[in-house]
Amino acid sequence: MRRRQFIVLFSAAAVWPAGARAQQPAAPIIGFMSGRSPDESKHLLAAFLQGLGETGFVEGKNATIEYRWALGQYDRLPALAADLVKRPVTIVTAVGGDPSAVAAKQATSTIPIVFGMGGDPIKAGLVDSLGRPGRNATGFTLLTNELEPKRLGLLRDLLPDAGVIAVLLNPNFPAAAGQLAALEKAAQVTSQRLSIFKASNDTELDAGLASIQQQRVSALLVAADPFFDTRRDRIIRFAAQNKLPTIYQFREYAVDGGLISYGPSITDSYRKAGNYVGQILKGAKPTDLPVLQPIKFEFVINLKTAKALGLAIPAGLISFADEVIE
């Protein structure tokens, strides 16, 4: 081979890989915003990444994820959503409660959104219907905001002679008014007395817990709310220190030492959300992906905690439980 031909062929070989790389599509940027905090959401994020991986997308390999956490401070969410849209991202995952989903929808009507919430996405203006969302958003609803009367009933089954049951409620959570109304209606049926304690930040939470401690209450119901999820350890510790039987919304509370919980599997929903994100990145349209709803609700009892409280769990409740932690 002549020297001139060798140089031409070598130059072409050197240039081709770079040119081929330049033609490859850029890795999608996934915006992940949550009303919760990263420390207590590790298992949820792992489930999300698992679902995303099921569609072939792996963070750091062929997808980039931009994280934004509100840490239970809902007023931060609009700015976080606007920041992701400005970035711009390919898709927005808005989880950790209704305020996150609403903030994302208000920030963009064009970028696809996969949301996760506990309430009704139709009432929130996110979709036209559950089966055919009809807009740029789809995702999952846990329906956990609507389960307060059921939790109250389980608490009464545990303590049928309960005097006053305290309710910890976040007034800044969009579903709060509905939660309170449903609880009060359910309490009237059984003549159960309720005492409502409101908290939307750490100062108010400290004051609310202190007030509960001072009053003579028989039990505590922690209303479904991501803010309380971000303070899960503190609330569980308070209940243990004051030997206060307490019911929560998610299994994670009971696993971490809470007495009982009733609600859907949130980890499974996050996995499905990751799968939806991957499907959309591959070309699916949000309007063609129905909003997912839970098909099962878990009742979990922590018998170790019950023993520490000196509480005997009725055999009927134990037989009804989906999981008993011993």
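The values are calculated or read from the model by the stated rules, or taken from the named source; none is laboratory data. None of the values given here were measured: they were computed from a predicted structure. Glycine also receives a Cβ, built like all others from the backbone with ideal geometry; neighbour counts cover every protein chain displayed. Quick note on the areas: whole protein, heavy atoms, side chains included, nothing else; ligands and nucleic acids left out. Shrake-Rupley method; radii C 1.70, N 1.55, O 1.52, S 1.80 Å.
Just to verify a result, which residue in segment 186-215, among those that are of a type in the set (A, V, I, L, M) and in a helix (DSSP H, G or I), is farthest from residue 232 (Cα to Cα)?
The qualifying residue farthest from residue 232 (Cα to Cα) is 189.
Output the residues belonging to segment 255-274 that are over 16 Å from the mean Cα position of the chain (by Cα) and part of a helix (DSSP H, G or I).
Once the filter is applied, which keeps residues that are over 16 Å from the mean Cα position of the chain (by Cα) and part of a helix (DSSP H, G or I), segment 255-274 yields only 255.
Would you call residue 238 among the aromatic types (Phe, Trp, Tyr), under 29 Å from residue 199 (Cα atoms) and more than 18 Å from the chain's Cα centre (by Cα)?
When the stated conditions are applied, residue 238 passes them.
Looking at (1) open to solvent by less than 20 Å² (accessible area, probe 1.4 Å); (2) touching a Leu at 6+ places or on another chain (Cβ under 7 Å); (3) outside any loop (DSSP other than H, G, I, E, B); (4) in contact (Cβ under 8 Å) with a residue 24 or more places away in the chain, which one does residue 239 not meet, given that it meets all the others?
Exception for residue 239: condition (4).
Mind counting the residues in segment 269-284 that are open to solvent by 30 Å² or more (accessible area, probe 1.4 Å) and in contact with a strand residue (DSSP E or B) (Cβ under 9 Å, 6 or more places away or on another chain)?
Residues in segment 269-284 being open to solvent by 30 Å² or more (accessible area, probe 1.4 Å) and in contact with a strand residue (DSSP E or B) (Cβ under 9 Å, 6 or more places away or on another chain): 2 in total.
Is segment 46-68 home to any residue that is within 22 Å of residue 172 (Cβ to Cβ), hydrophobic (A, V, I, L, M, F, W, C) and either in a strand (DSSP E or B) or at pLDDT 95 or above (or both)? Lay out the reasoning, then the answer.
The initial filter retains those residues of segment 46-68 that are within 22 Å of residue 172 (Cβ to Cβ), namely 68.
The next check asks that each one be hydrophobic (A, V, I, L, M, F, W, C); those that pass are none.
Looking for residues that are within 22 Å of residue 172 (Cβ to Cβ), hydrophobic (A, V, I, L, M, F, W, C) and either in a strand (DSSP E or B) or at pLDDT 95 or above (or both), one finds none in segment 46-68, hence no.
Name the one entry in 220, 168 that is open to solvent by less than 10 Å² (accessible area, probe 1.4 Å), closer than 20 Å to residue 117 by Cα and assigned to a strand (DSSP E or B).
Checking each option against the conditions leaves just 168.
Please determine, by comparing only the residues of segment 127-165 that are part of a strand (DSSP E or B) and under 28 Å from residue 51 (Cβ atoms), which one is farthest from the chain's Cα centre (by Cα).
Among them, the one singled out is 137.
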